[in-house]
Amino acid sequence: MTKVLKILGDKNRLRILKLLESNKFCVCELAAVLGITQPSASRHLKKLKSVGLISDEQQSFWTNYFIDKSCTGYGKHLMRHLHGWLNADPMIKSDLEKALKLDRTKSCCK
């Protein structure tokens, strides 16, 4: 439990999870929305994946990240609660609005 809570203790990782609730995204899309570098976004994704909260799949040029619905234990319970949390947060709302405007074919990961 400590490891999962530590991973969730970072605002950018929470922002990533809230974005992934709405859609699958590649690392460059997440970096663009969060305003961080791709290597930084990759490190956050690696940590989230290490505790089983997210998974990835290859699609053409892109590796898409998504919430792992099969996560178990503490992660499963925390993710269920997270789904209802932070939805009114201005930063989360802004992230979701930015994400809607993304066009990966024009701007990333080619």
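Values quoted throughout were computed directly from the atomic coordinates according to the rules given, and no laboratory measurement underlies them. Since the structure is predicted, the reported quantities are computational estimates derived from the model, not experimental observations. For neighbour counting, all protein chains shown are included, and Cβ atoms are generated from backbone atoms with ideal geometry for every residue, glycine included.
A simple charge model with +1 on the Cβ of Lys and Arg, -1 on the Cβ of Asp and Glu and nothing else charged puts the dipole of the stretch 2-99 at about 380 debye relative to its Cα centre. Comparing Asp89, Asp56, Asp68 in a Gaussian network model of the chain (Cα springs below 10 Å), the most mobile by mean-square fluctuation is Asp89. Just checking my list [x] 13.0, 37; [y] 13.2, 40; [z] 13.4, 43 against Rg and Dmax of the Cα atoms in Å computed from this structure; which label fits? Checking each listed value against the structure points to [y]. Roughly how many whole Å is it from the C-alpha centroid of the stretch 1-31 to that of the stretch 61-98? Rounded to whole Å, the Cα centres lie 6 Å apart.
When the Gaussian network model of the chain links Cα atoms closer than 10 Å, the mean-square fluctuations of Ala31, Ala88, Ala41 top out at Ala88. Of all the options Ile16, Ile67, Ile92, the one that moves most in a Gaussian network model of the chain with Cα springs shorter than 10 angstrom is Ile92.
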